[in-house]
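Notes follow the structure.
Since every read-out is calculated from the coordinates, none of them should be taken as a lab result. Since this is a predicted model, take the numbers as computed values, not measurements. Here the Cβ positions follow ideal geometry from the backbone for every residue, glycine too, while neighbour counts run over all protein chains shown.
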Amino acid sequence: MNLVLLGPPGAGKGTQAARLTTEYQIPKLSTGEILRELAQGDGELSRQVAELIDRGRMVPDPVVLDLVWDRLKQPDAQAGFLLDGFPRTVAQAEALERFLRERQRPLTAALDLEVDEDELIRRLSGRRVCPRCETSYHLVSRPPRVEDRCDRDGVPLEQRADDYPEAIRERLNAYHQRTEPVLDYYRVAGLLRPINGDQPVGEVTQQIREVLEGSSAQQVPSSSGVQGPEHLST
Ligand code: AP5
């Protein structure tokens, strides 16, 4: 199963990715997590990436693509993968298509979590994350068992720098301008699967399960990755 998980900031991509990778036994590749790890480093690239993320801006495509290809070439990603937060520009989607076509590994589906904007802002501003294992909580809808502590490792929870109002606005703008065209890209390719992300976490997972059962049944044998509209630009 080769999956792409799309959706605006706060739609629940990370939450669903954690559940789906366990259920389908495929590795999750979260570009947000990989980039935050890179941002912890000492060099100039790490400093630039940290600044972009904290301000809610996108990291340039070439930086992201190198990281994704490295991860997709790892042995554990050969039997399937779940891409969380990638692609988020049409150029990234086209590059992914070329990468997969060369390896004859077609995408199974592009799942799109749909959530309205007021709910996204509520989710992002109430989110707290574990800096060690990246488990995501919400002050109201998914509080930890012990206040401000991760259920898994007891580490104090933090608020992400990009979960403050100005960065949230930037991220939503970037999503509308640069990521929404990716939805059209996968719609034209016949791979887009809209999911109602505005329901309880377990129900979102259940809808994804049902959609994937349908996608596997319908999967058309193909030697290419995605029959995407190459003419779309960022
Ligand atoms: P990334 O970490 O991918 O951030 P994002 O896409 O903005 O998504 P989030 O992680 O904020 O939200 P999510 O959809 O995963 O929701 P979550 O499950 O946490 O990227 C960060 C940055 O890295 C980007 O801004 C950019 O700078 C850079 N970057 C990353 N990828 C890039 C790329 N490909 N190209 C260029 N730059 C890139 O849930 C959110 C909250 O809601 C949580 O509190 C959770 O508990 C709660 N929640 C989840 N589901 C539900 C539900 N069903 N009901 C109620 N609450 C829920």
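Mean-square fluctuation check for the chain, GNM, Cα pairs under 10 Å: which of 135, 205, 179 is largest?
Among 135, 205, 179, the largest GNM mean-square fluctuation belongs to 135.
Suppose we keep just the DSSP beta bridges with both residues in the chain; what percent of those would be antiparallel, to 5? Don't skip to the answer; put the middle values down first.
On the way: 6 of 22 bridges.
Roughly 25 percent of the beta bridges in the chain run antiparallel, per DSSP.
Could you state the number of Å between the C-alpha centres of the stretch 155-207 and the stretch 4-74?
Result: 13 Å between the Cα centres.
For the chain, what does -39500 (n - 2.57) per DSSP helix run (n ≥ 4), summed and divided by total residues, give at 222 nm, in deg cm²/dmol to the nearest 500?
Numbers: 9 runs with 104 residues, N = 234.
It comes out at -13500 deg cm²/dmol, rounded to the nearest 500.
Roughly how tilted is helix 90-102, in degrees to the nearest 10 and between 0 and 90, from the longest Cα axis of the chain?
50
Enter the angle in degrees (range 0 to 90, nearest 10) between the Cα long axis of helix 61-72 and the first principal axis of the Cα atoms of the chain, meaning the one along which they spread out most.
80
Run the numbers on the chain and let me know its relative contact order in percent, using alpha-carbon pairs under 8 Å that are six or more apart.
30
Considering only 80, 139, 10, whose Cα is most displaced toward the positive end of the charge dipole of the chain, charges sitting on Cβ of Lys, Arg (+1) and Asp, Glu (-1)?
Highest projection toward the positive end goes to 80.
Quote the charge dipole size of the chain about the Cα centre in Debye, to the nearest 20; the model charges only the Cβ of Lys and Arg (+1) and of Asp and Glu (-1).
The dipole of the chain has a size of about 360 debye.
List the longest stretch of the chain that has no exposed loop site; here a site is one of the GluC sites (Glu not before Pro) assigned by DSSP to anything other than H, G, I, E or B, with at most 13 other Cβ within 10 Å. Mind dumping the intermediate values first?
Details: sites that count: 147, 230.
Within the chain, the longest run free of exposed GluC sites (Glu not before Pro) spans 1-146.
Can you give the charge dipole size of the stretch 117-224 about its Cα centre, rounded to the nearest 20 debye, using +1 on the beta carbon of Lys and Arg and -1 on the beta carbon of Asp and Glu?
Using only the charged Cβ atoms, the result is roughly 200 debye.
Using +1 at the Cβ of each Lys and Arg and -1 at the Cβ of each Asp and Glu in the chain, identify which of 24, 113, 58 lies farthest towards the dipole's positive end.
Most positive-ward Cα: 24.
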